[in-house]
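Participant: Here it is, the structure, as structure tokens.
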There are 2 protein chains.
Amino acid sequence: MKNVIVGQSGGPTAVINSSLLGVYKTAKDRGADTVYGMVHGIKGLLDRDIADLSERFKTDLDMDLLKRTPSSFLGSCRYKLPDIEGNEAVYEKIFAVLNELDICAFFYIGGNDSMDTIMRLTDYGERINSPVRFVGIPKTIDNDLALTDHTPGFGSAAKYIASTVKEIIRDGLVYDYPVVSVIEIMGRNAGWLTAASALAKGEDCEGVDDIYLPERAFDIDKFLAHTGGLLKENRSLVIAVSEGIKTADGRYVCELSEHVDYTDAFGHKQLAGTARYLARRIAERYKVKTRAIELSSLQRCAGHIQSRIDVTEAYNCGGAGVKAAFEGKSGIVVTLKRVSDDPYMCITETADVHKIANIEKKVPDGWITEDGTNVTRELVHYIFPLIQAEITPLWVNGLPRHIRLHKKNTGK
Amino acid sequence: MKNVIVGQSGGPTAVINSSLLGVYKTAKDRGADTVYGMVHGIKGLLDRDIADLSERFKTDLDMDLLKRTPSSFLGSCRYKLPDIEGNEAVYEKIFAVLNELDICAFFYIGGNDSMDTIMRLTDYGERINSPVRFVGIPKTIDNDLALTDHTPGFGSAAKYIASTVKEIIRDGLVYDYPVVSVIEIMGRNAGWLTAASALAKGEDCEGVDDIYLPERAFDIDKFLAHTGGLLKENRSLVIAVSEGIKTADGRYVCELSEHVDYTDAFGHKQLAGTARYLARRIAERYKVKTRAIELSSLQRCAGHIQSRIDVTEAYNCGGAGVKAAFEGKSGIVVTLKRVSDDPYMCITETADVHKIANIEKKVPDGWITEDGTNVTRELVHYIFPLIQAEITPLWVNGLPRHIRLHKKNTGK
């Protein structure tokens with residue numbers, strides 16, 4: 001038997017380390033000699049910054065902590081592999097390292113951009129007749145991967161969002177005068193996470209009043225008019241908006257007021273200030289108290305609120321990827337297929353990476369209400385099973401305990 | 001035996017309802033006929049918006065949920081009683097309602113501003129020889145009340161902040177290039193909450209790099225120079241700043257860039273944007289990726305992270321207030337006295353409301369490091385016992401369950 005290598009890439013989630021654990025334990029169970037970890041993804045491989053995971057995962061407690069530790073244990077990167085044509089040297093270097101480490105299977109836990117890495121390595125591997133198998137393990141809080149019912153990471157983020165929104169609603173309705181709270185939720189182009197705010201509503205909670213997703217063009221005048229209509233009832237409001245809502249001419253709402261802070265390596269604009277802009281517009285128009293609340297990176301790193309369903313599925317996706325690779329598959333991504341809603345049942349399958357990389361799955365138009373101010377029951381029913389059950393943090397000295405790769409801060 | 005009335009005022013906390021429960025159960029245990037709740041504080045009393053709490057708290061489950069429900073169950077207000085001189089009509093109205101309801105004791109759960117209400121009602125009551133007793137129950141996440149070791153609400157907020165900061169640190173150090181995360185934490189004039197970020201540091205966490213409290217004048221040039229010094233190590237940074245940091249000439253840092261959204265009924269400026277302003281300045285100066293994270297109202301409404309110590313003490317403060325009133329005391333505030341650090345032990349006492357109302361307790365200068373970029377071990381040791389032990393949320397359908405006064409949204 002040979003060795004395997006695993007990396008984590010893109011934005012972290014609360015359960016990305018459960019997928020890492022799934023890869024590690026399944027590979028060891030199936031006879032892998034050494035399970036290597038790329039430190040900071042494919043960039044770490046290129047820099048030969050590689051860890052032997054057996055040296056770090058010694059006890060059951062280590063693995064229990066790993067499941068509960070948010071963000072990418074191995075570190076992440078946003079490095080995108082260049083086109084093969086004209087950049088063969090990069091690929092030669094990668095395959096030289098894989099050869100040197102006697103790697104039979106390469107696993108990459110990530111989202112759209114990371115699956116692009118799997119696709120290119122698969123294509124180059126085929127060209128040189130490499131025996132290495134390349135498998136993508138899905139991960140993204142954004143839930144925007146194609147061909148999978150949902151993505152590991154989404155359920156825990158949705159659970160965090162719905163739980164937090166419930167609390168913000170209790171807080172937001174406390175005064176005897178109207179306050180409008182505008183909550184900004186992650187999602188550049190897909191509104192799945194913002195839609196999760198709809199789950200707050202129940203017999204113990206009023207729910208949010210309106211939900212605006214990026215799938216529909218945002219009309220600031222209609223928004224203000226609709227909000228004004230609700231304010232006629234002289235009550236407090238809580239409104240959920242996606243960070244990525246855009247006007248019909250394609251401009252981000254946050255760009256209407258403030259400059260974009262920077263653009264990342266993939267050309268994604270870093271957005272901030274949508275809620276603040278809208279809160280200010282409401283305050284100006286209706287002379288009402290407003291609050292802007294950004295859930296910010298807590299949505300993806302709140303390891304203290306994990307969906308047990310999500311943790312289990314993240315682990316299973318890791319395991320299914322190893323199983324597929326050891327059975328000879330390559331150039332694939334593990335996907336989730338929902339076989340039943342009630343009781344909820346989901347199985348793993350695999351799909352050709354070429355059909356997943358760089359494709360974004362958005363919220364279907366039929367799951368948004370006609371006037372674009374809310375989501376339908378179908379969407380709530382879709383998300384509901386994904387936030388069920390809990391994993392309790394391991395509290396030590398009053399705080400959730402984590403595990404980290406480097407015992408000392410290496411500054412990375 | 002007669003009736004009692006209780007209200008909640010000012011900003012909510014995660015445990016203010018535990019104090020409400022302490023008042024309710026202790027008053028009932030000691031023979032009160034009816035425990036009334038003012039809906040939206042003293043303003044509800046004036047409007048005769050009053051609830052009979054026994055009708056809402058029927059089962060043990062109701063009370064278990066009340067402990068776990070953040071924000072003020074009875075609603076809050078920011079209404080400040082006017083000077084007695086020239087405004088006797090307001091006081092006559094209040095005492096007429098108290099008389100009508102056959103009230104023997106009046107409890108108000110709140111912070112500095114709310115204790116002003118207790119003080120004025122005590123003074124007016126003495127003037128008219130009223131038999132009603134007035135007792136303040138301390139509550140504020142800000143921990144800025146005088147004469148008490150700490151305030152109920154602070155421990156849970158500190159636990160939330162330290163837990164969340166640990167997660168943000170895991171997330172913030174994930175990439176292979178430097179990212180500077182600036183976390184904005186509540187506290188206009190007192191830095192207690194921001195100081196709680198120091199508790200994140202431990203054998204499983206690098207901790208925050210710098211902490212800036214409002215007790216020291218903030219120098220933007222020194223801040224940038226210090227941050228630049230840390231960036232020479234080419235690593236990611238996490239910096240905690242109080243929303244209330246001010247320059248030597250008394251201007252809030254957030255005012256250096258953006259306008260103040262509004263001023264509340266007590267003349268407090270609503271601050272926002274300190275972290276964003278600093279993150280942008282760092283990005284401009286050092287061409288480094290930055291992130292601004294506002295913990296915002298989640299700090300005070302995160303009922304899913306409660307310190308069990310805090311919940312118990314909040315309950316005890318409510319109970320001690322009832323005991324004192326039933327023993328004939330009036331014009332007092334319940335305080336906490338720490339009698340031992342290890343093991344941690346705290347008892348309740350009472351203090352004259354005139355010595356507490358409208359006074360802010362700040363972080364002692366000696367608990368801030370000389371260069372003003374961090375806090376001392378003494379401050380960490382002071383906060384440490386207050387965040388210990390947990391109360392698990394009652395998860396129903398994947399979300400923390402709450403209880404609310406009105407079964408339907410009344411719009412208040």
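Participant: Restricting the search to the stretch B:382-400, which residues are over 15 Å from B:A302 (Cβ atoms) and more than 9 Å from every other protein chain (Cβ to nearest Cβ)?
Facilitator: Within the stretch B:382-400, B:Y382, B:I383, B:L394 meet the criteria.
Matching residues to (1) in contact (Cβ under 8 Å) with a residue 60 or more places away in the chain; (2) under 9 Å from the mean Cα position of the chain (by Cα); (3) outside any loop (DSSP other than H, G, I, E, B):
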position: A:S130; (1), (2), (3): no, no, no
position: A:V135; (1), (2), (3): yes, no, yes
position: A:T140; (1), (2), (3): yes, yes, no
position: A:N143; (1), (2), (3): yes, yes, no
position: A:L147; (1), (2), (3): yes, no, no
position: A:Y160; (1), (2), (3): yes, no, yes
position: A:T164; (1), (2), (3): yes, no, yes
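Participant: From the set of residues in the stretch B:276-313 that are in a loop (DSSP other than H, G, I, E, B) and of a type in the set (S, T, N, Q), which is farthest from the other protein chains (Cβ to nearest Cβ)?
Facilitator: Among residues in the stretch B:276-313 that are in a loop (DSSP other than H, G, I, E, B) and of a type in the set (S, T, N, Q), the one farthest from the other protein chains (Cβ to nearest Cβ) is B:Q306.
Participant: Let me ask something additional. Take B:S156 and decide whether it is within 11 Å of chain A (Cβ to nearest Cβ) and within 24 Å of B:V311 (Cβ to Cβ).
Facilitator: Criteria met by B:S156.
Participant: Still on this structure, please answer the following. Could you identify the single residue in B:R56, B:R48 that is assigned by TED's automatic domain parsing to the domain that holds B:Y108, in contact (Cβ under 8 Å) with a residue 40 or more places away in the chain and out of contact with any strand residue (DSSP E or B) (no Cβ under 9 Å at 6 or more places or on another chain)?
Facilitator: The unique qualifying residue is B:R48.
Condition check ((1) hydrophobic (A, V, I, L, M, F, W, C); (2) more than 14 Å from every other protein chain (Cβ to nearest Cβ); (3) assigned to a loop (DSSP other than H, G, I, E, B); (4) buried (at least 23 other Cβ atoms within 10 Å of the Cβ)) across all residues:
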site	(1), (2), (3), (4)
B:D176	no, no, yes, no
B:E184	no, no, no, yes
B:N189	no, yes, yes, no
B:R216	no, yes, yes, no
B:F223	yes, yes, no, no
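Participant: Moving to a separate point now. For residues that are in contact (Cβ under 8 Å) with a residue 60 or more places away in the chain and of a type in the set (A, V, I, L, M, F, W, C), scanning just the stretch A:334-359, find the one that is surrounded by the fewest Cβ atoms within 10 Å (Cβ to Cβ).
Facilitator: This residue is A:I359.
Participant: Continuing with the same structure: Is it the case that the stretch B:148-164 has a residue that's among the charged types (D, E, K, R), surrounded by fewer than 24 Cβ atoms within 10 Å (Cβ to Cβ) and at pLDDT below 95?
Facilitator: No: the stretch B:148-164 contains no residue that is among the charged types (D, E, K, R), surrounded by fewer than 24 Cβ atoms within 10 Å (Cβ to Cβ) and at pLDDT below 95.
Participant: Moving on. Any residue that is more than 27 Å from B:V35 (Cα to Cα), touching a strand residue (DSSP E or B) at 6+ places or on another chain (Cβ under 8 Å) and either assigned by TED's automatic domain parsing to the domain that holds B:D33 or surrounded by 23 or more Cβ atoms within 10 Å (Cβ to Cβ) (or both) - is there at least one of those in the stretch B:311-333?
Facilitator: no
Participant: Now for a different question. Could you say which residue among A:S54, A:S72, A:S76 is away from chain B (no Cβ under 14 Å) and of a type in the set (S, T, N, Q)?
Facilitator: Result: A:S54 is the single residue among A:S54, A:S72, A:S76 that is away from chain B (no Cβ under 14 Å) and of a type in the set (S, T, N, Q).
Participant: Which condition from (1) at pLDDT below 95; (2) over 17 Å from A:H150 (Cβ atoms) is the one that A:T369 breaks?
Facilitator: That leaves (1) as the condition not met.
Quick grid of which residues meet (1) touching a Phe, Trp or Tyr at 6+ places or on another chain (Cβ under 6 Å); (2) modelled with pLDDT of 90 or more; (3) more than 14 Å from chain A (Cβ to nearest Cβ):
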position	(1), (2), (3)
B:K232	no, yes, no
B:S236	no, yes, no
B:G244	no, yes, yes
B:T247	yes, yes, yes
B:Y252	no, yes, yes
B:E255	no, no, yes
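Participant: For B:T13, only one of the following conditions fails: (1) buried (at least 24 other Cβ atoms within 10 Å of the Cβ); (2) outside any loop (DSSP other than H, G, I, E, B); (3) within 14 Å of another protein chain (Cβ to nearest Cβ). What is its number?
Facilitator: The failed condition is (2).
Participant: Another one. Looking at the stretch B:16-47, which of its residues are part of a helix (DSSP H, G or I), in contact with a helix residue (DSSP H, G or I) (Cβ under 7 Å, 6 or more places away or on another chain) and not hydrophobic (A, V, I, L, M, F, W, C)?
Facilitator: Scanning the stretch B:16-47 gives B:N17, B:S18, B:S19, B:G22, B:Y24, B:T26.
Participant: If you scan the stretch A:84-128, which residues turn out to be polar (S, T, N, Q) and part of a loop (DSSP other than H, G, I, E, B)?
Facilitator: A:N87, the sole residue that qualifies.
Participant: Here's something else I'd like to know. Quick one: A:G228 ticks every box in (1) of a type outside the set (A, V, I, L, M, F, W, C); (2) farther than 28 Å from B:G10 by Cα; (3) surrounded by fewer than 24 Cβ atoms within 10 Å (Cβ to Cβ) bar one, so which box is it?
Facilitator: So A:G228 meets the others, but not (2).
Participant: Moving on to the next point. Taking the stretch A:191-214 as the search range and keeping residues that are assigned to a helix (DSSP H, G or I) and under 20 Å from B:T69 (Cα atoms), which one is nearest to the chain's Cα centre (by Cα)?
Facilitator: Among those residues, the one meeting the criterion is A:S197.
Participant: Which one of the conditions (1) touching a residue at least 12 places away in the same chain (Cβ under 8 Å); (2) within 14 Å of chain B (Cβ to nearest Cβ) does A:K362 fail to meet, given that it meets all the rest?
Facilitator: (2)
The values are calculated or read from the model by the stated rules, or taken from the named source; none is laboratory data. The model shown is predicted, which means the values in this text are computed figures rather than measured ones. Reconstructed Cβ throughout: ideal geometry from the backbone, glycine too, with neighbour counts over all protein chains shown.
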